[in-house]
Amino acid sequence: MVSGTFKAEYDDDAARQVVSKVDNITSKIAGSSSGEWEQIFYDASVIDRGQKVRIQIEGIFSLNNISTEKAFIIEFSCDERGKIN
């Protein structure tokens, strides 16, 4: 699961709400999955003129005394009313 703080504001040129700020991105194992997750890095980029946010997350997943570095990218969209999903 990935969560964070997103701010949207009205952009006159786009005539809609767009993402203006992204902070405090955190990630954790969703549901009842086994193992442990430690996030060590994230980088968030506002793309498509503020209509999307692309977040790269890196961390260490550990299970049964074996640790593996993992990285993934997730995107969120901002609708014209500023709802992030």
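The values are calculated or read from the model by the stated rules, or taken from the named source; none is laboratory data. No experiment lies behind these values; they were computed from the predicted model shown. Positions of Cβ are generated from backbone atoms using ideal geometry, with glycine treated the same way; all protein chains shown enter the neighbour counts.
Within the stretch 25-35, which residues are of a type in the set (A, V, I, L, M) and either exposed (fewer than 14 other Cβ atoms within 10 Å of the Cβ) or modelled with pLDDT under 95 (or both)?
Of everything in the stretch 25-35, those that are of a type in the set (A, V, I, L, M) and either exposed (fewer than 14 other Cβ atoms within 10 Å of the Cβ) or modelled with pLDDT under 95 (or both) turn out to be ILE29, ALA30.
Any chance you could count how many residues in the stretch 50-68 are under 18 Å from the mean Cα position of the chain (by Cα) and not in a strand (DSSP E or B)?
Residues flagged as under 18 Å from the mean Cα position of the chain (by Cα) and not in a strand (DSSP E or B) within the stretch 50-68 amount to 2.
Determine whether ALA30 is of a type in the set (A, V, I, L, M, F, W, C), more than 16 Å from the chain's Cα centre (by Cα) and part of a loop (DSSP other than H, G, I, E, B).
No.
Surrounded by 11 or more Cβ atoms within 10 Å (Cβ to Cβ), in a loop (DSSP other than H, G, I, E, B) and among the acidic types (Asp, Glu): which single residue out of GLU38, GLU80, GLU9 fits that description?
The conditions single out GLU80.
Would you confirm, using the coordinates I've provided, whether SER45 is over 9 Å from the mean Cα position of the chain (by Cα), at pLDDT 95 or above and of a type in the set (Gly, Ala, Ser)?
Answer is yes for this residue.
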